[in-house]
Amino acid sequence: MTKRLPLAALAFLGLALAEGAVDTGVTAWMLVSTALVLLMTPALAFFYGGLVGQKNVLNTMAMSFAALAAGGVAWAVLGYSLAYAEGNAFIGGLGYALLQGFLEKGKMVVSDGMPALLDVAFQGTFAIITAALISGSLVGRMRFSAWLIFSTLWILFVYAPLAHWVWGDGLLSGALDFAGGTVVHINAAIAGVVGALLLGPRREFGRVAFLPHNIPFVLLGAGLLWFGWFGFNGGSAYGANESAALAFTNTFLAPAMTALVWIVLDYLASGKATAVGLATAIVVGLVAITPAAGYVGPLGALWIGALAAFPSFYFIRIRPRLGLDDSLDVFGAHGLGGITGAILTGVFASAAWGGTAGGLEGNWAQVLIQVKAVVYAIVYSAVGTAVLLYLTRVFVPLRVSEKDELVGLDAVLHGEEAYPVTEGAILVAEEGGKR
C-alpha cells in the first residue's frame, strides 16, 4: 500500500497547497513521529550494546550510529528518490535526487497537509534503523570501514527499491504493510542472515559462552524502542487521525501480549522468566504488529502479539545448535516476527477498522498477496545483500583478523574501551596500526 501521496499526484492540487495550505496538526504529529523514529536507532544501539561482551560494546553501538550518519545522507541525496520518485514497477526515478522537487515557484511543496520535505526525514529514519538492524547479525567480526560502505550501498540498492515496491505504487503495491513488516524487518533479517553466512561465525562461536554484559542496557533499549515505535507505526498514518489512534493503540497492545506469552513459555522451558527474554519479546511483538498496525482491530492486535511469540521463542532457543552465528538473533526476532506479522495481517485485517477485509472476513486472497510479498522480500534482500557484500569486499576486507577479533573491536577499531580498567587492550590494538 502506498504510504504517502506521491508529489506527482498533486499536479492539480499542488499549486494551491504550495501557497500555504499546511495542516498544522498533521505537520506537528509528523514532526514528533520523525523524532520518535529517529530515537529508535540510538535505542537499538543500547539494546544491541547490552547483549554483547564488554570488548565489543562500543563497536556494536557505533555501527548503529554509523548507519544513522552515512545512511541518512545517502537517503536524502539519492535513496528517497529511488523509493518514491515517479519511476516504474521496480524502482523510482531521479525526480527527488539531490533534494530537488520540493520547491515550486519559490515556495515549499505541500503534500498530505505537511511540507513534502518532512517526508524525506520521516522516511529516512525508517531506512536508517533498517540498516542498523542488520548489524546485530555481524557484531564482533566485521570491519567498521566495510560496514560503512556496505550499509550505505544497502540503503540505496536494497532498501529503497523494496520500499518502492510496497509503498511507492510498485511491484507489491497490493500488499498490506502499514509501517514496514516486509520493507524493514524481513528485509533486515534476511540481510543479516546472508551477512552472517558470508562472514562466517565468530572465532569463539560455540566454544565460549556469548553472554550479555549489561542487561539493564538491553531493557533500556527495549523500552526506548517501544517508545519510538509509537511514531514508527502511528506516524505511518500521516496524520493525527483515526488511523493513527488505531495504530498507536495496537502498538501498545501487541507487544504486551507477546511479552505475557513469552513469560509463560520461559517458565515452561526453564522455570525462570528472564529479563533478556522479556525485552526480546517486546521487540518481537512490536515487529509483528508493524505491518498490521493500521489494518486490524485491537483484538486482532492481541492475537497477532500472542501468536508471534511462538516461532521466535523456539527458533531463538535452537538457533545456536544450527551453527548460524546470527549473533543477536536478528532473524529470530525481526525475521520470524516480520513474517508472522505480515501473513497474519492478511488474516486479521478488518474492513471496519482499517478499510480492507482479511481472511477472517472472507478475503483469503489477501493472505496469498501477503505471502507473495514475504517471498519477494526474502529473495530480493538475499540476492541484493550478497551482491553488495561481494562488491564491498573489492574495496576493503569484510572481516577483521583473528588477533583483532580476540582483542576486541572497541580497542582495535575505535581506540577506546567502554570500561577502561587498564590500558592493555588499547596498547595491543595500537600495535596493529590503522583500520
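The values are calculated or read from the model by the stated rules, or taken from the named source; none is laboratory data. Since we're looking at a predicted model, the values are computed, not measured. Note that each Cβ is placed from the backbone with ideal geometry, even for glycine, and that neighbours are counted across all protein chains shown.
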Notebook entry, point to check: Regarding Leu299, is this residue over 25 Å from Pro216 (Cα atoms), out of contact with any Phe, Trp or Tyr (no Cβ under 6 Å at 6 or more places or on another chain) and either part of a helix (DSSP H, G or I) or not hydroxyl-bearing (Ser, Thr, Tyr) (or both)?
Noted result: yes
Item checked: Matching residues in region 230-269 - criterion: being part of a loop (DSSP other than H, G, I, E, B) and either free of Cβ contacts under 8 Å to residues at least 40 places away in the same chain or crowded, with 24+ Cβ neighbours inside 10 Å (or both) -> Asn241
Checklist line | Sole exception among (1) in contact with a Ser or Thr (Cβ under 8 Å, 6 or more places away or on another chain); (2) over 25 Å from Leu38 (Cα atoms) for Gly200, by number | finding: (1)
Checklist line | Unique match (being at pLDDT below 95 and in contact with a helix residue (DSSP H, G or I) (Cβ under 7 Å, 6 or more places away or on another chain)) among Glu431, Glu402, Glu417, Glu361 | finding: Glu417
Notebook entry, point to check: When the residues of region 313-342 are filtered to those that are more than 19 Å from Leu225 (Cβ to Cβ) and crowded, with 21+ Cβ neighbours inside 10 Å, which remaining residue is modelled with the lowest pLDDT?
Noted result: Asp325
Note to self: I'd like to know if region 90-99 contains one or more residues that are among the β-branched types (Val, Ile, Thr), at pLDDT 95 or above and closer than 19 Å to Leu156 by Cα.
What the structure shows: yes
Check: Given the residues Ala281, Ala293, which is the only one that is under 16 Å from Gly335 (Cα atoms) and in contact with a Phe, Trp or Tyr (Cβ under 6 Å, 6 or more places away or on another chain)?
Finding: Ala281
Check: Considering only residues of region 167-181 that are of a type in the set (A, V, I, L, M) and more than 17 Å from Leu133 (Cβ to Cβ), which is surrounded by the fewest Cβ atoms within 10 Å (Cβ to Cβ)?
Finding: Leu171
Next item on the list: Being of a type in the set (Gly, Ala, Ser) and assigned to a loop (DSSP other than H, G, I, E, B) is the filter; apply it to region 190-209 and report the residue that is nearest to Leu162 (Cα to Cα).
Entry: Gly200
Next item on the list: Report, by residue number, each residue of region 343-357 that is among the small types (Gly, Ala, Ser) and surrounded by fewer than 23 Cβ atoms within 10 Å (Cβ to Cβ).
Entry: Ser350, Ala351, Ala352, Gly355, Ala357
Next item on the list: State whether one or more residues within region 386-405 are touching a Pro at 6+ places or on another chain (Cβ under 9 Å) and either assigned to a helix (DSSP H, G or I) or buried (at least 19 other Cβ atoms within 10 Å of the Cβ) (or both).
Entry: no
Margin query: Looking only at region 127-158, filter to residues that are more than 15 Å from the chain's Cα centre (by Cα) and small (Gly, Ala, Ser); which one of those is surrounded by the fewest Cβ atoms within 10 Å (Cβ to Cβ)?
Written below: Ser145
Notebook entry, point to check: What is the residue count in region 217-226 for residues that are touching a helix residue (DSSP H, G or I) at 6+ places or on another chain (Cβ under 7 Å) and either farther than 25 Å from Met142 by Cα or not in a helix (DSSP H, G or I) (or both)?
Noted result: 4
Next item on the list: Scan region 214-229 and report the pairs whose first residue is acidic (Asp, Glu) and whose second residue is in a helix (DSSP H, G or I), with Cβ atoms within less than 9 Å and a gap of 6+ or a chain change.
Entry: none
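Yes/no per residue for (1) assigned to a helix (DSSP H, G or I); (2) surrounded by fewer than 20 Cβ atoms within 10 Å (Cβ to Cβ); (3) of a type in the set (S, T, N, Q); (4) out of contact with any strand residue (DSSP E or B) (no Cβ under 9 Å at 6 or more places or on another chain):
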{"site": "Asn56", "(1), (2), (3), (4)": "yes, no, yes, yes"}
{"site": "Thr60", "(1), (2), (3), (4)": "yes, no, yes, yes"}
{"site": "Met63", "(1), (2), (3), (4)": "yes, no, no, no"}
{"site": "Ala67", "(1), (2), (3), (4)": "yes, no, no, yes"}
{"site": "Ala74", "(1), (2), (3), (4)": "yes, no, no, yes"}
{"site": "Leu82", "(1), (2), (3), (4)": "yes, no, no, yes"}
{"site": "Gly92", "(1), (2), (3), (4)": "no, no, no, yes"}
Margin query: Scan region 273-289 and tell me whether some residue there is under 19 Å from Gln123 (Cα atoms), at pLDDT 95 or above and in contact with an Asp or Glu (Cβ under 9 Å, 6 or more places away or on another chain).
Written below: no
Margin query: Just to verify a result, which residue in region 64-87, among those that are more than 17 Å from the chain's Cα centre (by Cα) and among the hydroxyl-bearing types (Ser, Thr, Tyr), is nearest to Phe144 (Cα to Cα)?
Written below: Ser81
Margin query: Quick check on region 166-184. Is at least one of its residues more than 13 Å from the chain's Cα centre (by Cα) and part of a helix (DSSP H, G or I)?
Written below: yes
Check: Considering only region 282-303, how many residues are crowded, with 24+ Cβ neighbours inside 10 Å, over 19 Å from the mean Cα position of the chain (by Cα) and of a type in the set (A, V, I, L, M, F, W, C)?
Finding: 2
